[in-house]
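Derivation of every value follows stated rules applied to the coordinates shown; laboratory data play no part. The model shown is predicted, which means the values in this text are computed figures rather than measured ones.
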C-alpha cells in the first residue's frame with residue numbers, strides 16, 4: 001500500500017510512519033523539516049513543503065492509496081494549520097492531477113491530549 005502521512009514528524013505522525021513501514025507499506029512523509037525522519041530506513045519518501053501550498057500537497061498525494069492527516073501543533077497556541085492543511089489535502093485529492101483520487105483520507109485530531117474541534121470549509 002502507498003500511504004502519505006502529513007504531520008509525519010510530530011509524535012503521532014512518527015508513530016504512524018514507523019508502523020506503516022513495519023508493515024511493508026511505501027510511505028510518503030510530508031514535512032517542513034525532514035530531520036526527525038533522517039534514519040527512518042527503506043520504503044520512505046520524504047516530501048518537504050508547506051501544507052498551505054497546493055502544489056506541495058499535490059506532489060505528496062500523487063500515487064497514494066491512502067492519506068493520513070496528523071497535522072498539529074506542539075503547543076496550545078491557537079492555530080489554523082489543521083483546518084487549512086486539511087482543506088489543502090482534500091482539494092488535492094479532488095484535483096485533476098493523475099492518481100490524486102486517493103481512496104482513503106484519515107484525519108487524526110489531537111493536541112496535547114485534548115480533542116480539538118475545528119470547522120473545515122472546502123471550496124472546490
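Whole percent per 5 Å bin, from 0 to the bin with the longest distance: what is P(r) over all C-alpha pairs of the range 1-90?
3, 16, 28, 27, 17, 7, 2, 0
Show me the three semi-axes of the equivalent ellipsoid for the range 1-52, from the C-alpha gyration tensor (sqrt of 5 times each eigenvalue), largest first, rounded to whole Å.
Working: eigenvalues 52, 23, 20 Å².
For the range 1-52, the semi-axes come out at 16, 11, 10 Å.
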